[in-house]
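The values are calculated or read from the model by the stated rules, or taken from the named source; none is laboratory data. For clarity, every value in this text was computed on a predicted model and none was experimentally measured. No Cβ is skipped: glycine too gets one built from the backbone with ideal geometry, and neighbour counts run over all protein chains shown.
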Amino acid sequence: MGTPARCNTTQAGQRIYMAIDLKSFFASVEARERGLDPMNTNLVVADETRTEKTICLAVSPALKTFGVPGRPRLFEVIAQVKAVNRDRARRASQHRLAGSSYYLDELRANLALAVDYLVARPRMKLYMETSATVLSRYLHWVSPADVHVYSIDEVFIDATGYLERYRATPVEFATRLIHDVYAHTGITATAGIGENLYLAKVAMDILAKHAEADEHGVRLAELTMRTYREQLWTHRPLTDFWRVGPATARKLEAMDLFTMGDVARASLGERYDRANEEALYRIFGVNAELLIDHAWGWEPTTIADIKSYHPQAKSVNVGQVLPRAYEFGEARMIVREMADGLSLDLVDKGLTTDQVVLTVGYDTENLADPARAAAYRGEVKRDHYGRLIPKPVHGSENLGRATASTRLLLEAVTRLFERIVDPGLLVRRMYVSASHIRREEALVPRVDVVDVADGSGVVGGTGGFMSGEPKSPGVGEQLDLFTDYEALAAVEAVEQAALVAERRNQEALLRIKRKFGKNAVFRGVNLSAGATALDRNRTAGGHRL
């Protein structure tokens, strides 16, 4: 059939969007790989080789029926299943369980069976390949111009021009797409249909989950601006709505706004009302416009707008949570590994930076251990679980030039680490950011020669900026009689030559890594005890490929 040509809307100004979310994607892939039905199999995707605190990437729909949340930590799954089995034993004959099963139908039919579940180790490469297969099925029906990939398991589709072509209603067309995906992958989906992207997303997130499923587990829901106001203006909690997080919800509730209907009414409030449009803008700034639009069910952005938008990168970041608490020296080695990888990432993308930013989080053991706690005199805060930890530290180091030099980044991040990190504390998480990002072609020409012979006091140059701008002197800089500019120029020339040579080495490394893999070439320090770079190169999103 080939890739369909993009079609035009058949009704002026009226568009139909679909949001499609693959159901418990990672868990469904793992179940299908085992020849099992994800709708009938208790399965959780998590790396058991880590601690029980590891986050589960997915929980199968079957296991969710026993009260296991969508993104728990492994110990929460264990605790919930134990609680369910205690309740089942209490209700079973003779108050004990005989045998176990991870099949939902068997567990429903026999209360004497204990709830069991499979634990699948994450396989990111498999999930990415399956996601590509799913996308190829969507593109069998619609043009790439009408598809926006929102995440590995979720897409938006502008279906406006395809309904007449396929002689289908929006619900029929969405069902065809999902059934096609199911036929090729065995994975089902939930879909929302709306007049704009927001309504499609909300229909999927809030309404579709309560819709009746078909024989393949497909659930769909539709919304117009009118039905949105009728059905969801009183819906709670606010955090169920797209882009309303806990912090936003708390601020709204402090204004006595508990529903989207409340927000919509507040936007019409009079000047003397406690909650009005002015108050919303005062508290939320420019985000108030988005919040008010969504309260009314309005979203002007189209997929075409998204496709044409090219954000200007302001920073490039890398971060990791360490597998255990690291001593000062070990953590310094890790942060240097991170800066090394960050510099190659900049070269690969044709970017430069003139500042590195470092954030370091400490481990709870620092205050749990009496000896360490007694020696610590700094500020204390609570983590996500309410445990006391030393306050994280944050700092920046200027490089003096726009560059992607591994040497300069390593030197800067090492100085920064040694300046801000307490050598007596254990480190658990680190984030390195390259700030003030610019593309190499946006840099001003490099200055090589200082022309003082004519007495003009103007700095000249021969151009070129591959390895970074010089620190000084700059074009048009006023000279003085006490600086040896020839010596400065000589030092700068040596530095530029070193940077150019390093750049050639960086590009050679990247060519080898692209061809033979990220671990084809590495530093000796990467083999040190506690080093993480080689393992991280074998992962995607922190999980093994």
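Residue count for segment 42-73 satisfying the condition of being in a strand (DSSP E or B), touching a Pro at 6+ places or on another chain (Cβ under 7 Å) and charged (D, E, K, R): 0.
Here is the figure for segment 307-348: residues that are touching a residue at least 24 places away in the same chain (Cβ under 8 Å) and within 22 Å of LEU408 (Cα to Cα) total 28.
Could you look through segment 159-173, keep only residues that are touching an Asp or Glu at 6+ places or on another chain (Cβ under 9 Å) and in a helix (DSSP H, G or I), and pick out the one that is nearest to ALA221 (Cα to Cα)?
Among those residues, the one meeting the criterion is VAL171.
A quick yes/no check of all residues on (1) under 30 Å from LEU322 (Cα atoms); (2) in the same structural domain as ALA213 (by TED's automatic domain parsing); (3) touching a residue at least 24 places away in the same chain (Cβ under 8 Å):
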site: ASP47; (1), (2), (3): yes, yes, yes
site: VAL59; (1), (2), (3): yes, yes, yes
site: VAL81; (1), (2), (3): yes, yes, yes
site: ARG88; (1), (2), (3): no, yes, yes
site: SER93; (1), (2), (3): no, yes, no
site: ARG96; (1), (2), (3): no, yes, no
site: TYR102; (1), (2), (3): no, yes, yes
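All of (1) within 27 Å of the chain's Cα centre (by Cα); (2) not in a strand (DSSP E or B) hold for VAL119 with one exception: (2). Restricting attention to segment 118-146, the residues being of a type in the set (S, T, N, Q) and either touching a Gly at 6+ places or on another chain (Cβ under 9 Å) or surrounded by 15 or more Cβ atoms within 10 Å (Cβ to Cβ) (or both) number 3. Specify the residue that is surrounded by the fewest Cβ atoms within 10 Å (Cβ to Cβ); the eligible residues are those in segment 507-528 that are among the aliphatic types (A, V, I, L, M) and touching a residue at least 60 places away in the same chain (Cβ under 8 Å). Checking each candidate, the answer is VAL525. Looking only at segment 57-95, which residues are under 23 Å from the mean Cα position of the chain (by Cα) and surrounded by fewer than 16 Cβ atoms within 10 Å (Cβ to Cβ)? Within segment 57-95, PRO69, GLY70, ARG71 qualify.
Given the condition of a type in the set (Asp, Glu), in a helix (DSSP H, G or I) and over 15 Å from ARG15 (Cα atoms), answer yes or no: does some residue in segment 144-158 qualify? No, segment 144-158 has no match at all.
Kindly evaluate ALA368 against the criterion of being surrounded by 17 or more Cβ atoms within 10 Å (Cβ to Cβ), aliphatic (A, V, I, L, M) and out of contact with any Asp or Glu (no Cβ under 9 Å at 6 or more places or on another chain). Criteria not met by ALA368. Looking at segment 349-369, can you tell me whether even one residue there is under 27 Å from GLU502 (Cβ atoms), in contact (Cβ under 8 Å) with a residue 24 or more places away in the chain, not in a strand (DSSP E or B) and not assigned by TED's automatic domain parsing to the domain that holds PRO72? Among the residues of segment 349-369, at least one is under 27 Å from GLU502 (Cβ atoms), in contact (Cβ under 8 Å) with a residue 24 or more places away in the chain, not in a strand (DSSP E or B) and not assigned by TED's automatic domain parsing to the domain that holds PRO72, which makes the answer yes. Residues in segment 415-425 that are assigned to a helix (DSSP H, G or I) and surrounded by fewer than 17 Cβ atoms within 10 Å (Cβ to Cβ): 4 in all. Contact map, segment 156-181: residues that are outside the structural domain of MET18 (by TED's automatic domain parsing) paired with residues that are surrounded by fewer than 23 Cβ atoms within 10 Å (Cβ to Cβ), Cβ distance under 6 Å, separation 6+ or inter-chain. No pairs are found. Here VAL149 does not qualify as closer than 30 Å to LEU223 by Cβ, buried (at least 18 other Cβ atoms within 10 Å of the Cβ) and modelled with pLDDT of 95 or more. Please enumerate the residues belonging to segment 324-364 that are surrounded by 19 or more Cβ atoms within 10 Å (Cβ to Cβ), in contact with a strand residue (DSSP E or B) (Cβ under 7 Å, 6 or more places away or on another chain) and of a type in the set (Ser, Thr, Tyr). Matches in segment 324-364: TYR326, THR352, THR353, TYR362. When MET466 is tested against (1) out of contact with any Ser or Thr (no Cβ under 9 Å at 6 or more places or on another chain); (2) modelled with pLDDT of 85 or more, just one condition goes unmet, and that condition is (2).
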